[in-house]
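Take a look at the structure below.
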Amino acid sequence: MSALAQKTCIPCSGGVPALKGEALKDLQKQLQEDWRVVNEHHLQREYQFEDFRQALAFTNRIGEIAETENHHPDIYLGWGRVEVKIYTHKIDGLTESDFILAAKFDEGGQ
């Protein structure tokens, strides 16, 4: 299990700056390479599956992880694919918790 996946998401109450620059790059290096940091605003990844049933099962697994962590991503389900977009809505940007959730999805969702 990755070091990030072992951590717990911390709820954001606002008032903290979003991560930028090198801080984002350092955290991104700890994720699987398919994750992209988009405009220093959100994390995004698309997972591919053989059919809708597998994509739906994955969506349900990561949904449970999100509930456990009380950190909720945007999830787009389609035939054979699931796209995940993660950011901290309270600050409209990225925090370490977003990277923790991404790592948990990669380890627990598969």
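Using the structure shown, decide if GLU64 is assigned to a helix (DSSP H, G or I), acidic (Asp, Glu), exposed (fewer than 14 other Cβ atoms within 10 Å of the Cβ) and at pLDDT 95 or above. Yes: the conditions hold for GLU64. As a summary of the residue check, TYR47 satisfies the conditions (1) over 23 Å from LEU94 (Cβ atoms); (2) surrounded by 18 or more Cβ atoms within 10 Å (Cβ to Cβ) except for the one numbered (1). Tallying residues that are part of a helix (DSSP H, G or I) and under 11 Å from ALA103 (Cα atoms) within the stretch 7-37 yields 2. All of (1) touching a Leu at 6+ places or on another chain (Cβ under 6 Å); (2) farther than 19 Å from GLU107 by Cβ; (3) modelled with pLDDT of 95 or more hold for LEU56 with one exception: (1).
The values are calculated or read from the model by the stated rules, or taken from the named source; none is laboratory data. Fair warning: this is a prediction, and the values are worked out from it, not measured in the lab. FYI the Cβ positions are ideal-geometry reconstructions off the backbone, even for glycines, and counts take in every protein chain you see.
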